[in-house]
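The next block holds one structure in the form of structure tokens; read it before the comments.
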Amino acid sequence: MTKTRPNILLIYTGGTIGMVKDFETGALKAFDFENLLVRIPEIKQLDCNIETFSFAEPIDSSNMNPVYWVEIAEIIERNYDTFDGFVVLHGSDTMSYTASALSFMLEHLAKPVVFTGSQLPIGDLRTDAKENLITSIHVASLQRYNKPVIKEVTLYFEYKLYRANRTTKINAEHFEAFASLNYPELVTSGVHLKVNHDYLFKPNTKKRLKVHKNLDENIALVKLFPGISSPLLCSIFNTPGLKGVILETYGAGNCTTENWFLNILKEAISNGIHVVNITQCSGGSVLMGQYQSSEKLKKIGVISGKDITTEAAICKMMYLLGQNVSSKVFKTIYETSLRGELT
């Protein structure tokens, strides 16, 4: 079988990775990705064909929202049959949110979508941008028998490729900015790329890519803390149009057993608001019913988020609400792993 060079589409949305310093003003500005090979000549050594696409107006990742998620998904949808892999350059602050959202939006994805970025601009002397970008393209172009090795949405940073919907940003200063505390890395970059094949997502490749563009943003995120008050929770749960709440509880899914607290949740659930219990710990899982406090949540119909990240929990909620999933099966579907986001 003749090996063909994979075609990779590089999508620049914004973020530190695409910035260079203006020597006159010292300010950072987005550089022209058409000149990518001039900035990083090493890319020519990669065994693939690369084309680039940039947002008309690159955005800071702090301004990222579901409208842009749909835009990224549509770029991939339009180019899906032409390219073998996609690398999305994105600001690191909200990268885990965007990448998690895309994992749900791109159903039956059978090609790699690799998100990456950097802590320092591409023009900086000590930048991490070059390694992140070069290896992300390399990973996206990995093939076996002319088929992509990676068939899911991933995130690459500082020598490790992670399942995107398992990641969270843990550090604002270190080059190792991301972690996947509840799932092993998919690829480790050293002298060679070590692919952990057992951990890769295995989609149904016989089905065509289906892109979901309806996301419902009528949700809230509540982080419990000692002293949280009834008026505060009531104001959140009485938000007009609210459809879902992600509840960040203590440890393995524990919370106060005060009657006022449980009554607010019980009333919300009876009014059709979906409440998901996730842990506010960086790693670990919610174990509903392990302790008395979480047993009470289980009894009133709170959904277990198991070991899902906050980012993936939010995106999964938006995605399922956007699909108009019936209230009768919402809990069952949410507690089921759709894209490898929970164990």
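List of remarks:
- Among the residues listed as L186, L209, the single one being modelled with pLDDT of 95 or more, farther than 30 Å from I264 by Cα and touching a His at 6+ places or on another chain (Cβ under 8 Å): L209
- Note on the range 51-77: among residues that are at pLDDT below 95 and out of contact with any Phe, Trp or Tyr (no Cβ under 8 Å at 6 or more places or on another chain), the one that is farthest from S92 (Cα to Cα) is A56.
- Among the candidates I228, I246, I236, the residue that is part of a loop (DSSP other than H, G, I, E, B) and either in contact (Cβ under 8 Å) with a residue 40 or more places away in the chain or surrounded by fewer than 18 Cβ atoms within 10 Å (Cβ to Cβ) (or both) is uniquely I228.
- Residues satisfying the stated conditions in the range 56-100, i.e. assigned to a helix (DSSP H, G or I), under 23 Å from E176 (Cα atoms) and in contact with a strand residue (DSSP E or B) (Cβ under 9 Å, 6 or more places away or on another chain): M95, S96, T98, A99, S100
- Set side by side, the residues T343, T336 differ, and just one is free of Cβ contacts under 8 Å to residues at least 60 places away in the same chain, under 21 Å from the mean Cα position of the chain (by Cα) and in a loop (DSSP other than H, G, I, E, B), which is T336.
- When D216 is tested against (1) over 22 Å from I278 (Cβ atoms); (2) in contact (Cβ under 8 Å) with a residue 40 or more places away in the chain, exactly one condition is not met: (1).
- When the range 36-50 is filtered for residues that are farther than 18 Å from H90 by Cβ and outside any helix (DSSP H, G or I), the ones remaining, listed by number, are L46, D47, C48, N49.
- Some residue of the range 42-53 being of a type outside the set (K, R), surrounded by fewer than 15 Cβ atoms within 10 Å (Cβ to Cβ), free of Cβ contacts under 8 Å to residues at least 12 places away in the same chain and farther than 20 Å from S118 by Cα: yes
- Restricting the range 120-140 to residues that are within 26 Å of Y97 (Cβ to Cβ) and of a type in the set (G, A, S), the residue that is surrounded by the most Cβ atoms within 10 Å (Cβ to Cβ): A140
- Filter result (within 12 Å of Y12 (Cα to Cα), among the small types (G, A, S) and surrounded by fewer than 19 Cβ atoms within 10 Å (Cβ to Cβ)) within the range 55-74: A56
- Only one of G253, G272, G241 that is touching a helix residue (DSSP H, G or I) at 6+ places or on another chain (Cβ under 8 Å), over 25 Å from T154 (Cβ atoms), assigned by TED's automatic domain parsing to the domain that holds V325 and surrounded by fewer than 13 Cβ atoms within 10 Å (Cβ to Cβ): G272
- If you go through the range 280-305 and keep only what is buried (at least 23 other Cβ atoms within 10 Å of the Cβ), at pLDDT 95 or above and either in contact with an Asp or Glu (Cβ under 7 Å, 6 or more places away or on another chain) or not in a loop (DSSP other than H, G, I, E, B) (or both), you end up with just I303.
- The set of residues in the range 200-213 that are under 16 Å from T154 (Cβ atoms), under 17 Å from the mean Cα position of the chain (by Cα) and not aliphatic (A, V, I, L, M) contains only F201.
The values are calculated or read from the model by the stated rules, or taken from the named source; none is laboratory data. For clarity, every value in this text was computed on a predicted model and none was experimentally measured. All Cβ positions, glycine included, derive from the backbone under ideal geometry; neighbour counts span all protein chains shown.
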